[in-house]
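Right, one structure below, let's go through it.
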Amino acid sequence: MPRSYVHEARRRVGPKKERIRPIIERLAVEHADATIALTFRSELELLVSVMLSAQTTDVNVNRVTATLFEKYHAPGDYLAVALEELERDIFATGFFRQKARSIRGTMRMLLEEFDGEVPRTLEELTRLPGVARKTANVVAAELGHAQGIVVDTHVRRLSQRLRLTKQEDPVKIERDLVKLVPRDDWARFPHLLIWHGRRVCDARRPRCEDCVVNDLCPSSRV
Ligand code: SF4
């Protein structure tokens with residue numbers, strides 16, 4: 001179980017239902033450039049990039065896909081080479097055996113059941129081999145069909161510090177967030193927390209003195 005930040009939220013700052021809009025508005029101004037850090041030019045490249053991003057950094061994935069996507073353009077391309085060749089091509093993203101198997105299984109299903117297109121709903125996306133809820137959420141949101149809120153390590157930490165949730169489990173955190181965050185903001189909300197987490201609200205040393213939501217945050221140290 002990763003470290004919890006729930007206990008840090010001690011100050012009284014008013015109910016979360018009243019804080020959520022100003023939190024989103026201020027973070028949106030502060031991080032106007034907050035978008036997904038993966039590089040892709042098509043829906044298929046988006047799906048493959050997100051699948052490769054498990055257990056590694058976006059920078060690392062972008063480095064690998066810069067050459068990968070020159071070679072693989074359509075679902076059939078991933079099936080046309082030997083498994084070992086695909087494994088070599090994605091080796092640097094780690095867990096390459098499992099990822100290669102998942103990608104090939106996914107490409108097969110795309111061709112057999114979805115006319116080679118990337119589906120839109122979480123239900124369909126999570127049927128693809130190796131596509132878990134988090135991956136499906138990221139893909140659906142980027143395709144303009146957010147059906148949930150992506151919870152990664154930054155979203156978890158900031159949601160706990162801002163006392164938008166008292167939960168530890170990502171699925172339960174997401175359940176709290178979708179009740180609270182206006183639906184129109186489901187796609188951009190995680191990007192705002194991720195960028196705020198990277199730039200200001202560091203896991204070990206949050207820079208509360210420079211934080212635009214410090215008066216709305218029960219964990220503020222200023
Ligand atoms: S940096 Fe901001 S969001 Fe993070 S704990 Fe401090 S005041 Fe709260």
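Quick one: which helices (runs of 4 or more DSSP H) lie wholly within region 106-222 and hold at least 1 residues that are under 30 Å from Ala80 (Cα atoms) and touching a Pro at 6+ places or on another chain (Cβ under 7 Å)? Lay out the reasoning, then the answer.
On the way: elements: 122-125, 133-142, 153-161, 170-180, 188-199.
It comes to 122-125.
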Checklist (1) open to solvent by less than 60 Å² (accessible area, probe 1.4 Å); (2) away from the ligand (no atom under 15 Å from the Cβ) applied to Glu142, failing item: (1)
Count of region 144-200 residues which are farther than 22 Å from Glu8 by Cα, touching a Lys or Arg at 6+ places or on another chain (Cβ under 7 Å) and among the β-branched types (Val, Ile, Thr): 1
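Residue-by-condition table, conditions (1) under 14 Å from the mean Cα position of the chain (by Cα); (2) of a type in the set (Lys, Arg):
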{"residue": "Lys134", "(1), (2)": "yes, yes"}
{"residue": "Leu162", "(1), (2)": "no, no"}
{"residue": "Leu192", "(1), (2)": "yes, no"}
{"residue": "Gly197", "(1), (2)": "yes, no"}
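Mind checking whether some residue in region 190-206 is more than 20 Å from Val29 (Cα to Cα), touching a helix residue (DSSP H, G or I) at 6+ places or on another chain (Cβ under 9 Å) and at pLDDT 95 or above?
Yes, region 190-206 contains at least one residue that is more than 20 Å from Val29 (Cα to Cα), touching a helix residue (DSSP H, G or I) at 6+ places or on another chain (Cβ under 9 Å) and at pLDDT 95 or above.
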Inter-residue pairs, beta-carbon under 7 Å, first among the charged types (D, E, K, R) and in region 156-179, second away from the ligand (no atom under 16 Å from the Cβ) and assigned to a helix (DSSP H, G or I), 6+ apart: Arg156/Pro170
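State whether the residues of region 15-31 include one that is more than 21 Å from Arg156 (Cα to Cα) and within 15 Å of the chain's Cα centre (by Cα).
In the first step, residues of region 15-31 are kept if they are more than 21 Å from Arg156 (Cα to Cα); the result is 29.
With the extra rule that they be within 15 Å of the chain's Cα centre (by Cα), the set shrinks to none.
No, there is no match, as no residue in region 15-31 is more than 21 Å from Arg156 (Cα to Cα) and within 15 Å of the chain's Cα centre (by Cα).
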Cβ pairs under 7 Å, 6+ apart, first in region 211-222 and over 14 Å from Arg21 (Cα atoms), second near the ligand (Cβ under 8 Å from one of its atoms) and assigned to a helix (DSSP H, G or I): Asn214/Cys208; Ser219/Glu8; Ser219/Arg161; Ser220/Cys208; Ser220/Asn214; Arg221/Cys208; Val222/Cys208; Val222/Asn214
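Residue by residue through region 184-194, note down the ones that are more than 12 Å from the ligand (Cβ to nearest atom) and touching a residue at least 24 places away in the same chain (Cβ under 8 Å). Steps first, answer last, please.
Step one: of region 184-194, the residues more than 12 Å from the ligand (Cβ to nearest atom) are 184-191, 194.
Result: Asp185, Trp186, Ala187, Arg188, Phe189, Pro190, His191, Ile194.
Pick out, from region 1-85, the helices (runs of 4 or more DSSP H) lying fully within it that include 2 or more residues that are open to solvent by 90 Å² or more (accessible area, probe 1.4 Å) and within 30 Å of Leu111 (Cβ to Cβ).
Details: elements: 16-30, 43-52, 58-71, 75-80.
So the answer is 58-71.
Taking into account only those residues within region 161-179 that are open to solvent by 20 Å² or more (accessible area, probe 1.4 Å) and among the aliphatic types (A, V, I, L, M), which is farthest from the ligand (Cβ to nearest atom)?
Quick first cut of region 161-179, residues open to solvent by 20 Å² or more (accessible area, probe 1.4 Å) only: 163, 166-172, 175-176, 178-179.
Then drop every residue that is not among the aliphatic types (A, V, I, L, M), which leaves 171, 178.
Values: Val171: 23, Val178: 20 Å.
Result: Val171.
The values are calculated or read from the model by the stated rules, or taken from the named source; none is laboratory data. Predicted, not measured: the structure shown is a model, and the values here were computed from it. Don't worry about glycine lacking a Cβ; one is built from the backbone with ideal geometry, like all the others, and counts go over all protein chains shown. Note: areas computed on protein heavy atoms with side chains; ligands, DNA, RNA excluded. Shrake-Rupley method; radii C 1.70, N 1.55, O 1.52, S 1.80 Å.
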